[in-house]
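Report on the following structure.
What follows draws every value from the coordinates through simple rules; no lab data is involved. Keep in mind that what you see is a predicted model, and the values were worked out from it rather than measured. A quick note on method: Cβ atoms are made from the backbone with ideal geometry, for glycine too, and the neighbour counts reach across all protein chains shown.
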Amino acid sequence: MTKTGEVTRPAPILTDDNRFYWDAALEGRLVTQRCQRCGRLRHPPRPMCPECHSLEFEIIDLAGDGVVYSYAILHHPQNPSFEYPVIAALIELTEGVRVLSNLVDIDPKHINIGMPVTVDFRPTRHEGAVPVFKPKAGANG
């Protein structure tokens, strides 16, 4: 969002394979696929299990808690749709699946690997929503 309140973050590109994920985000839920044959959780959404190649899966809700596994602070090239710096982060959720997202509500100098985070949702253009992660209370020094 800009300082004027205008939503500038681009809307996600919806496909038959990921629509469930973005629909859940719009409802304020973080979800993933679980293979119905081998039980593997997988993200990002895809039609086939990378473990057993099954096409059968179910959608499960995730708690939305995890830790920063890795991150990068992006300064350039800048896109007017985002506020800089953008903090790209790989989050390892408590369920074991990793999600690539953004860290928000934190000064970059306070980020550390292993820092506890929790999911939040930010609006996108075209009335969408995207999951982002923010430090858990007391985690950002």
**Fill in**
Long-range amide H partners of F121, meaning residues 5 or more apart or on another chain whose placed amide H is closer than 5 Å, are V132
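What does the highest-first list of 16-28, 116-128, 49-61 look like by mean Cβ count within 10 Å?
Descending packing order for the listed peptides: 116-128, 16-28, 49-61.
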**Request:** For region 19-135, build the charge dipole from Cβ charges (+1 Lys, Arg; -1 Asp, Glu) around the Cα centre, then report which of P108, V132, G39 sits farthest towards its positive end.
**Result:** G39
**Message:** Once you order the gyration tensor axes a ≥ b ≥ c over the Cα atoms, which shape class does region 68-141 get: rounded for a/c under 1.5, otherwise prolate or oblate by comparing a/b with b/c?
**Reply:** oblate
**Item:** Estimated FRET transfer efficiency when R0 is 41 angstrom, pair D61-Y84 (beta carbons, to 0.05)
**Value:** 0.80
**Complete:** Residue by residue through region 128-136, the couplings from Karplus 6.51 cos²θ - 1.76 cosθ + 1.60 with θ = phi - 60°, in Hz, x for Gly and Pro, are x, 8, 9, x, 10, 10, 10, x, 5
**Asked** Dipole magnitude of the chain about its Cα centre, charges +1 at Lys/Arg Cβ and -1 at Asp/Glu Cβ only, in debye to the nearest 20?
**Response** 240
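Show that you can apply the helix-only estimate: for the chain, add -39,500 (n - 2.57) for every DSSP H stretch of four or more residues, divide by all residues, and state [θ] at 222 nm to the nearest 500.
Values: 1 runs with 8 residues, N = 141.
It lands at -1500 deg cm²/dmol.
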**Prompt:** Normalised by the number of residues in the chain, what is the relative contact order in percent for Cα pairs under 8 Å and 6+ residues apart?
**Reply:** 25
**Asked** Using a Förster distance of 30 Å, how high is the FRET efficiency between D16 and C38, based on the Cβ-Cβ distance and rounded to 0.05?
**Response** 0.85
**Asked** How much FRET efficiency would the formula 1/(1 + (r/R0)^6) give for Y69 and H126, where r is the Cβ-Cβ distance and R0 is 41 Å, rounded to 0.05?
**Response** 0.85
